[in-house]
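**Q** Handing you this structure, nothing more for now.
The values are calculated or read from the model by the stated rules, or taken from the named source; none is laboratory data. As the structure is a prediction and not an experimental result, all values here were calculated from the model. Note that we place each Cβ from the backbone using ideal geometry, even for glycine, and neighbour counts take in every protein chain shown. Ligands, DNA and RNA are stripped out before the accessible areas are found, and what is left, the full protein with its side chains, is counted by its heavy atoms. Shrake-Rupley method; radii C 1.70, N 1.55, O 1.52, S 1.80 Å.
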Amino acid sequence: MKLLRIALVGLTLLIGPVPASAQLTDLLPEGAYGTALGTALQTGAFDFAALRASYAADPAYTGRSRLRDHDPASSPKWTEDDVLRAIFADFPLLDTHMAAFDHYRTAPLPNAGNLTDAHAMFYRDILEVILATRREGPDGPVFTVLSIAEEYAVLSRLERQSTGQALMTLDGRPHDRHDTAEGPVFFDISAFFGK
């Protein structure tokens, strides 16, 4: 049964829409975000900007990837259903797809290679959505992120290294400022700051 669910998700991620599955929907979070993600999985149409907005508005959102935060040494062994639940819980976060890539890279599953490819593709797509949020601030570019890990992914894509960081307010919203040799880069963290 677990392998069937994993295979279904792998197919959904790689080839597009598949029929609704009771097993798949049982793993999705409740609420508007879970509904939006379920629709994306069923249709194969992933509008990550819309998914990220729905996710950030969800009361369960904390700005942290449960899959990335999972420590196998300090908690009981997760089943593959637990892994999928964690992936779906924080699907629009870059760090979730990096953690999923790492998990499936070593998982003894028949379609692990397809799943690593799918999560690498989602990581790239989400990073492009984050980069598209760029606007020019008074002292440098500003990006909207949903986690701290996303700040560092953007800096890496910009080929910049943070030499210092400070929390500040811009336009009445909390931002992280990263100083780099090329100038500061700002990140709107209002979606998760204080959660």
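**Q** Go through the residues of segment 145-155 one by one and say whether even a single one is in contact with an Asp or Glu (Cβ under 6 Å, 6 or more places away or on another chain), β-branched (Val, Ile, Thr) and crowded, with 17+ Cβ neighbours inside 10 Å.
**A** yes
**Q** Shifting gears a bit: What number of residues within segment 46-66 are out of contact with any Leu (no Cβ under 9 Å at 6 or more places or on another chain) and assigned to a helix (DSSP H, G or I)?
**A** Looking only at that region, the number is 6.
**Q** Just give me the residues in segment 124-144 being in contact (Cβ under 8 Å) with a residue 40 or more places away in the chain, crowded, with 18+ Cβ neighbours inside 10 Å and under 25 Å from ASP69 (Cβ atoms), in sequence order.
**A** ILE126, VAL129, PHE143, THR144
**Q** Additional query: Mind listing whichever residues of segment 22-60 are closer than 24 Å to ARG124 by Cβ, among the aliphatic types (A, V, I, L, M) and over 17 Å from the mean Cα position of the chain (by Cα)?
**A** LEU24
**Q** Based on what the data block shows, is MET121 surrounded by fewer than 17 Cβ atoms within 10 Å (Cβ to Cβ) and under 14 Å from the mean Cα position of the chain (by Cα)?
**A** yes
**Q** State which residue is modelled with the lowest pLDDT when the search covers only segment 49-70 and only residues that are open to solvent by 20 Å² or more (accessible area, probe 1.4 Å) and among the small types (Gly, Ala, Ser).
**A** So, considering only residues that are open to solvent by 20 Å² or more (accessible area, probe 1.4 Å) and among the small types (Gly, Ala, Ser), the one modelled with the lowest pLDDT is ALA60.
**Q** Taking the stated definitions as given, is ALA166 surrounded by fewer than 17 Cβ atoms within 10 Å (Cβ to Cβ) and part of a strand (DSSP E or B)?
**A** Yes: the conditions hold for ALA166.
**Q** Which of the residues belonging to segment 9-33 are within 22 Å of ILE130 (Cβ to Cβ), assigned to a helix (DSSP H, G or I) and either modelled with pLDDT of 85 or more or open to solvent by 40 Å² or more (accessible area, probe 1.4 Å) (or both)?
**A** ALA32, TYR33
**Q** Follow-up question, since we're still on this one. Could you please let me know if ARG85 is open to solvent by 40 Å² or more (accessible area, probe 1.4 Å), farther than 24 Å from PRO184 by Cα, of a type outside the set (Phe, Trp, Tyr) and in contact with a Leu (Cβ under 9 Å, 6 or more places away or on another chain)? Steps first, answer last, please.
**A** Values: open to solvent by 40 Å² or more (accessible area, probe 1.4 Å): yes; farther than 24 Å from PRO184 by Cα: yes; of a type outside the set (Phe, Trp, Tyr): yes; in contact with a Leu (Cβ under 9 Å, 6 or more places away or on another chain): yes.
Taking the combined requirement at face value, the residue satisfies it.
**Q** Kindly indicate whether ASP95 is under 23 Å from ASP176 (Cα atoms) and either in contact (Cβ under 8 Å) with a residue 40 or more places away in the chain or part of a loop (DSSP other than H, G, I, E, B) (or both).
**A** Values: under 23 Å from ASP176 (Cα atoms): yes; either in contact (Cβ under 8 Å) with a residue 40 or more places away in the chain or part of a loop (DSSP other than H, G, I, E, B) (or both): yes.
Answer is yes for this residue.
**Q** Could you check, for segment 37-45, whether at least one of its residues is at pLDDT below 90 and in a loop (DSSP other than H, G, I, E, B)?
**A** Yes, segment 37-45 contains a residue that is at pLDDT below 90 and in a loop (DSSP other than H, G, I, E, B).
**Q** Could you tell me whether segment 61-77 includes any residue that is free of Cβ contacts under 8 Å to residues at least 12 places away in the same chain, touching a helix residue (DSSP H, G or I) at 6+ places or on another chain (Cβ under 9 Å) and acidic (Asp, Glu)?
**A** For segment 61-77, residues free of Cβ contacts under 8 Å to residues at least 12 places away in the same chain, touching a helix residue (DSSP H, G or I) at 6+ places or on another chain (Cβ under 9 Å) and acidic (Asp, Glu): present.
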